[in-house]
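Notes follow once the structure below has been shown.
The values are calculated or read from the model by the stated rules, or taken from the named source; none is laboratory data. None of these values were measured; they are calculated from a predicted model. Every residue, glycine among them, receives a Cβ derived from its backbone with ideal geometry; neighbour counts consider all protein chains shown.
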Amino acid sequence: MQEEIIRIQGLSKHYKVGMEVVKALRGVDLSIYRNEYVALMGPSGSGKSTLMNILGCLDTPTSGSYYLNGKDVSKLPDNELAEIRNREIGFVFQTFNLLPRSTALDNVALPLIYAGQNKFIRRERALKVLDQVGLSDRTHHRPNELSGGQRQRVAVARALINNPSIILADEPTGNLDSKTSIEIMGLLQDIHAAGNTIILVTHEEDIALHAHRIVRLLDGEVSYDQVNESIATIEQPTQAS
């Protein structure tokens, strides 16, 4: 039996804009299981970004429940949400969100500072995940000394550092050229194969096809939720003999 890692029930989110109430989410029900690779899609105004923010514990719903690893996090105060974000969720953003004056090693280790880990543990774990994403030779480079693809690899390594329950990738290829986009999708493919749960937020159909399940939102509701029968895979290059 699959282990449920996320369960949301009757999830609604309303915003007041002037005199008008905008219903961004309207009673969404959704379950995501451990080691799933899910693409979350939807046009502008569909509620996709609102749902992503709630799944990432960056926002709370107006009503309904959100269970993460069996715990209802939908009504927790900000300080507890911050702890859960750091411990349970690895974020990969379109804009990388790296500290410009810090090395790749220090950027990757940052979540462990918030987790209270000592310097030795931070360094060892950061080196391990940088090696995992193919950047063991770039540990002391700052973001301006790295290519766009390398910066996104640093961001992926930072997302992995705490062994999170889910990787939440928000338009991870949005600022990359097509060749580099393929490399990053290949990296996410490998991370999923290693046992990680990935939620990929994208508006690009070809990127979504890398996921094993596609969920589409429209007008604040789930309009489509199906297994992807045409998974796009990336053949990793073999070592030349």
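Tally up the residues in region 101-112 that are loosely packed, with under 13 Cβ neighbours inside 10 Å and either within 23 Å of the chain's Cα centre (by Cα) or of a type in the set (A, V, I, L, M, F, W, C) (or both), please. Please lay out each step first, then the result.
Here is the first cut: in region 101-112, the residues loosely packed, with under 13 Cβ neighbours inside 10 Å are 101.
Okay, now just the ones that are also either within 23 Å of the chain's Cα centre (by Cα) or of a type in the set (A, V, I, L, M, F, W, C) (or both), so none.
Residues flagged as loosely packed, with under 13 Cβ neighbours inside 10 Å and either within 23 Å of the chain's Cα centre (by Cα) or of a type in the set (A, V, I, L, M, F, W, C) (or both) within region 101-112 amount to 0.
For a quick check of your reading: which strands (runs of 3 or more DSSP E) sit entirely within region 1-106 and have at least 1 residues that are touching a His at 6+ places or on another chain (Cβ under 9 Å) and under 20 Å from residue 223 (Cβ atoms)? Give the derivation first.
Values: elements: 4-17, 20-33, 37-41, 63-68, 89-93.
Qualifying strands (runs of 3 or more DSSP E): 20-33, 37-41.
Name every residue in region 78-117 that is among the hydrophobic types (A, V, I, L, M, F, W, C) and touching an Asp or Glu at 6+ places or on another chain (Cβ under 8 Å), in order of residue number.
Step one: list which residues in region 78-117 are among the hydrophobic types (A, V, I, L, M, F, W, C), which gives 81-82, 84, 89, 91-93, 96, 98-99, 104-105, 108-110, 112-113, 115.
Answer for region 78-117, where residues must be among the hydrophobic types (A, V, I, L, M, F, W, C) and touching an Asp or Glu at 6+ places or on another chain (Cβ under 8 Å): 91, 92, 93, 99.
In region 143-170, which residue that is surrounded by fewer than 18 Cβ atoms within 10 Å (Cβ to Cβ) and part of a loop (DSSP other than H, G, I, E, B) is nearest to the chain's Cα centre (by Cα)?
Checking each candidate, the answer is 165.
Determine, yes or no, whether residue 216 is crowded, with 21+ Cβ neighbours inside 10 Å and of a type in the set (Lys, Arg).
Details: crowded, with 21+ Cβ neighbours inside 10 Å: no; of a type in the set (Lys, Arg): yes.
Answer is no for this residue.
Restricting to region 113-141, name every residue that is farther than 25 Å from residue 189 by Cα and either part of a helix (DSSP H, G or I) or modelled with pLDDT of 95 or more (or both).
113, 114, 119, 120, 121, 122, 123, 140, 141
Taking residue 174 as meeting all but one of (1) touching a Leu at 6+ places or on another chain (Cβ under 7 Å); (2) of a type outside the set (A, V, I, L, M, F, W, C); (3) closer than 18 Å to residue 49 by Cα, write down the number of the exception.
Among (1) touching a Leu at 6+ places or on another chain (Cβ under 7 Å); (2) of a type outside the set (A, V, I, L, M, F, W, C); (3) closer than 18 Å to residue 49 by Cα, residue 174 violates only (1).
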